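The values are calculated or read from the model by the stated rules, or taken from the named source; none is laboratory data. What you see is a predicted model; the values in this text were computed from it and never measured. Counting neighbours? That spans all protein chains shown, and the Cβs are built from the backbone with ideal geometry, glycine included. SASA here: full protein model, heavy atoms, side chains in, ligands and nucleic acids out. Shrake-Rupley method; radii C 1.70, N 1.55, O 1.52, S 1.80 Å.
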Amino acid sequence: MSIYFYDKEIAIIYQGKIIKEKTDSIEQGLIKNLTVFIEFFAKIMKKHKIKTKILGTSIQIVKDISMQESYLFFLDYIFTELGFTKIKFINIKDLFFDNSTYIAIFKDYILLYLDKPVILDMFYFKDIPQLLTNFKKYFNSKIVLFGSNEIIPKINNKDIPIYYIDDYQNYIINCLLKVKKYGV
């Protein structure tokens with residue numbers, strides 16, 4: 001089983017199926033309410049007949065740049081409480097296929113995958129082309145956009161080559177299907 005947190009959603013890849021669920025216990029891809037999330041996840045497991053094994057079930061969690069080490073311990077605790085014994089974190093950068101600058105644009109926030117993570121709230125940063133111009137000196141030769149925001153295909157900047165992945169809203173989830181399938 002693999003898990004990816006984003007926006008107010010969780011995507012679960014289980015036995016080749018994609019399960020997407022929204023919850024108020026997640027905000028900007030991070031769990032904000034432990035109790036509500038545990039109840040929510042337990043309901044998902046029951047609804048989709050996800051069972052943990054007596055000797056332990058493994059889970060892979062996508063580690064995004066917004067997740068600090070203390071938060072990873074928090075996730076480890078949560079999923080141990082939910083019955084998972086083998087918890088592995090997959091660095092999201094390992095799912096990128098070249099050394100372009102990747103930028104995730106979600107409904108409420110933007111993640112710039114630079115040498116140091118940059119997380120920007122869309123409440124303050126609405127002019128994405130201008131934002132890209134401001135950060136231009138930190139980018140590699142091209143920019144690749146992905147995420148859940150529907151404006152991604154409309155974003156362009158005359159100074160910077162910008163590309164977006166065809167299935168930009170499901171890019172990470174599709175990568176997880178391949179990771180699970182091929183063990184990469």
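Computed values, structure above
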{"read-out": "Cα lying deepest toward the dipole's positive end in the chain, options Leu176, Ile26, Ser100, charges on Cβ", "value": "Leu176"}
{"read-out": "Nearest-10 value in Å² for the accessible area of Val36, using the 1.4 Å probe", "value": "60"}
{"read-out": "Probe 1.4 Å, protein heavy atoms only - accessible area per residue of the stretch 19-79 in square angstrom", "value": "60"}
{"read-out": "Stretchable slack from Lys107 to Asp127, in nm (0.36 nm times residue separation minus alpha-carbon distance)", "value": "5.8 nm"}
{"read-out": "Compactness of the stretch 1-107, expressed as Rg and Dmax over alpha-carbon positions, Å", "value": "13.8, 43"}
{"read-out": "Crossing angle, helix 171-182 versus the chain [Cα axis fit, 0-90 degrees, rounded to tens]", "value": "50"}
{"read-out": "Pairs beyond 23 Å (Cα-Cα), from Lys32/Lys107; Lys46/Lys107; Lys63/Lys116", "value": "Lys46/Lys107"}
{"read-out": "Rg/Rh (Cα only; Kirkwood hydrodynamic radius) as it applies to the chain", "value": "0.98"}
{"read-out": "Radius 14 Å from Cβ of Phe135, net charge of other residues (Lys, Arg +1; Asp, Glu -1)", "value": "+1"}
{"read-out": "Charged-residue dipole, Cβ positions (Lys, Arg, Asp, Glu), the chain about Cα centre, Debye nearest 20", "value": "660"}
{"read-out": "Accessible area per residue, Å², the stretch 107-184 with all protein chains present, probe 1.4 Å", "value": "63"}
{"read-out": "Cα-based Rg of the stretch 80-134 normalised by 2.2 N^0.38 Å, two decimals", "value": "1.51"}
{"read-out": "Greater than 26 Å apart at Cα, pairs in Lys8/Lys136; Lys8/Lys154; Lys51/Lys88; Lys88/Lys126; Lys8/Lys178; Lys22/Lys47", "value": "Lys8/Lys136; Lys88/Lys126"}
{"read-out": "Under Karplus coefficients 6.51, -1.76 and 1.60, residue-wise ³J(HN,Hα) of the stretch 113-130 in Hz, glycine/proline x", "value": "8, 10, 4, 10, x, 10, 10, 10, 7, 5, 4, 9, 10, 9, 8, 5, x, 5"}
{"read-out": "The stretch 51-112: Rg to Rh, with Rh as the Kirkwood radius over Cα pairs", "value": "1.07"}
